[in-house]
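Since the structure comes first, as structure tokens, the remarks are kept for the end.
The values are calculated or read from the model by the stated rules, or taken from the named source; none is laboratory data. Computed from a predicted structure; not experimentally measured. All Cβ positions, glycine included, derive from the backbone under ideal geometry; neighbour counts span all protein chains shown.
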Amino acid sequence: MPTTLPILKAIFSPSIYESEVSAFRGAFLEKIPLDQEDFAWFHNHFPDGSSQYHYPRVQYKRENQMPIMICFGEAFQPGQDLVADDKFPQLKLRDHKNELALEAYEVKKYPLGITDDMSQLYSIRNWQALNQHNYREYQELESLRDIIYFLEPKLIGNILSFAKAVNWHIAEKIQLEITQMRPTQHINYKGVRVFAFNFVFRTNVLLPDHIGLGKGVSRGFGNIRKIDA
């Protein structure tokens, strides 16, 4: 099992709105060679046009109002090769006044593991947990405690999906507790208004900053951040 996970974070400027993250991803993909297999991680399609159905190892996000891209797992080296190229092009968002330029990139190694207690505290933003089936179940819940019990195992499942994607086999039992619910909101995902959850949770799992959990992580949804005690 990996003990650390290197994550490449590429930072672009100028700033964008949160609603422009998908456009940032689209502008980025316009500059990526679609016929090279190493670059399939950036757009989740094989050179023959078929789709890859897996947890995305390249994710496009907004941090401190700036557009960022993170790469890890099998996408780490292709990402590093791409941003290290002196000829990296400027990106143009539709209806955006300025072109986006690569400002900097950094690599940080994050520890992976299971702790002896639930001492790891995280926030998660715009997490998509509901599909057509469990949305009906969600609507029937009457109390906040019922909602929390309903969501916690789904978040554990998302953590296991991430772990599998980076070849991390978690043999120990994952412990997780949602400690603070924040306002639930509707967001636009692929042209559809869907529920998104925002909350704080504690767990015994060491997770890297920036990674996404749930649906839409390649477009910045379900982003987690470590909260220092």
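Can you pull out every residue in the stretch 140-167 that is in a loop (DSSP other than H, G, I, E, B) and buried (at least 17 other Cβ atoms within 10 Å of the Cβ)?
Val166
Among the numbered criteria (1) closer than 17 Å to Lys61 by Cβ; (2) assigned by TED's automatic domain parsing to the domain that holds Phe28; (3) in a helix (DSSP H, G or I), which one does Ala104 miss?
(3)
Which of the residues spanning the stretch 181-226 are of a type in the set (Gly, Ala, Ser) and assigned to a strand (DSSP E or B)?
Ala196, Gly212, listed by residue number.
Which one is surrounded by the most Cβ atoms within 10 Å (Cβ to Cβ), of the residues in the stretch 168-196 that are touching a Gly at 6+ places or on another chain (Cβ under 9 Å) and under 20 Å from Glu63 (Cα atoms)?
Ala196
Could you tell me whether any residue of the stretch 53-65 is at pLDDT below 75, over 25 Å from Thr3 (Cα atoms) and either in a loop (DSSP other than H, G, I, E, B) or not aromatic (Phe, Trp, Tyr) (or both)?
Among the residues of the stretch 53-65, at least one is at pLDDT below 75, over 25 Å from Thr3 (Cα atoms) and either in a loop (DSSP other than H, G, I, E, B) or not aromatic (Phe, Trp, Tyr) (or both), which makes the answer yes.
If you take the residues of the stretch 207-227 that are in contact with a Leu (Cβ under 8 Å, 6 or more places away or on another chain) and surrounded by fewer than 17 Cβ atoms within 10 Å (Cβ to Cβ), which of them is farthest from Gly157 (Cα to Cα)?
Result: Ile227.
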